[in-house]
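Student: What follows is a single structure, and I will ask about it in a moment.
The values are calculated or read from the model by the stated rules, or taken from the named source; none is laboratory data. All of these numbers come straight from a predicted model, not from anything done at the bench. Note that each Cβ is placed from the backbone with ideal geometry, even for glycine, and that neighbours are counted across all protein chains shown. What goes into the accessible areas is simple: the full protein's heavy atoms, side chains included, and nothing from ligands, DNA or RNA. Shrake-Rupley method; radii C 1.70, N 1.55, O 1.52, S 1.80 Å.
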Amino acid sequence: MLYSNSNVENLPPQVLRLVYKEVSALAADPPEGIKVYPSEEDITELHTAIEGPEGTPYAGGVFRMRLVLGKDFPAAPPRGYFLTKIFHPNVGHKGEICVNVLKRDWKAELGLRHVLLTIKCLLIHPNPESALNEEAGRLLLEDYKEYASRAHLLTEIHAMGGTSGALQEPADGPQPKKHAGDPNKRVAGAGLVTNGVAANNLSNSSSSGTSSSNTNIVAKKKTDKKRALRRL
């Protein structure tokens, strides 16, 4: 695999091997309600999708997220970002995530699986004391009903479109037009056009011949009539 525009060149080979092993294990056996999409180009950036937990304002939504492993990983924690817009005390307006495991509680042996599970738990138990979204943190403490309403509204708008509340593989690219590149179809089509033109020509020729024949018959009848009058 080739990796570019990443921290791969800054990480020691033994760390890269550990990251690759863990990412492969996550992709093959992800935590419940979480889908992992390893990047073919950058092993230091992990894209995921997290199902909104039942019983929360995020239920029914699928939230895209990415983890970025810095040059000091695993001594330093990864950075987490929500790519799907979400109304949550611990998620900033640019998607940045504030959770202790990504800060002071980080330990190198915790691993990426623990990080993903912690972020999913954050959707169940937000922490208003370390709020990046101050409005969401205030509503969570003062007016939970309004907080839940706002959170659910944004979930409906941003996290349900095209997913129907279920994790799915990313859609493939645009499909080619049917038969657009099939030379046999083009030949067949050309044949139909040619045959159609020939049929029209034949029809026109036939009509012209019929019209000429009718004219000759009328002229002959007039001549015969004149001859009969002369005899009288």
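Student: I'd like the residue in segment 17-55 that is in a loop (DSSP other than H, G, I, E, B) and in contact with a His (Cβ under 9 Å, 6 or more places away or on another chain) and, out of all such residues, is least open to solvent (accessible area, probe 1.4 Å).
Tutor: So the residue we want is S39.
Student: Taking interchain pairs and intrachain pairs at least six residues apart, which have beta carbon atoms under 8 angstrom, with the first residue in segment 101-130 and in contact (Cβ under 8 Å) with a residue 40 or more places away in the chain and the second among the aromatic types (F, W, Y) and not in a helix (DSSP H, G or I)?
Tutor: From segment 101-130, the pairs are L123/Y58; L123/F63.
Student: Kindly provide the set of residues from segment 83-100 that are open to solvent by 10 Å² or more (accessible area, probe 1.4 Å) and outside any loop (DSSP other than H, G, I, E, B), ordered by number.
Tutor: Hits for segment 83-100 are E96, I97, N100.
Student: Related question: Taking M65 as the residue in question, decide whether it is at pLDDT 95 or above and within 25 Å of the chain's Cα centre (by Cα).
Tutor: When the stated conditions are applied, M65 passes them.
Student: Can you pull out the residues in segment 56-81 that are open to solvent by less than 10 Å² (accessible area, probe 1.4 Å) and touching a Gly at 6+ places or on another chain (Cβ under 8 Å)?
Tutor: Passing the criteria: Y58, G61, V62, F63, M65, L67, P78.
Student: May I ask you to verify whether T84 is touching a Lys or Arg at 6+ places or on another chain (Cβ under 8 Å) and polar (S, T, N, Q)? Explain how you work it out, then say what you get.
Tutor: Values: touching a Lys or Arg at 6+ places or on another chain (Cβ under 8 Å): yes; polar (S, T, N, Q): yes.
The answer is yes for T84.
Student: Continuing with this model, one more query. Mind checking which residues of segment 59-82 are under 14 Å from V36 (Cβ atoms) and free of Cβ contacts under 8 Å to residues at least 60 places away in the same chain?
Tutor: R64, M65, R66, L67, P78, G80
Student: Going by the conditions given, is I157 of a type in the set (A, V, I, L, M), under 24 Å from the mean Cα position of the chain (by Cα), surrounded by fewer than 13 Cβ atoms within 10 Å (Cβ to Cβ) and modelled with pLDDT of 95 or more?
Tutor: Yes.
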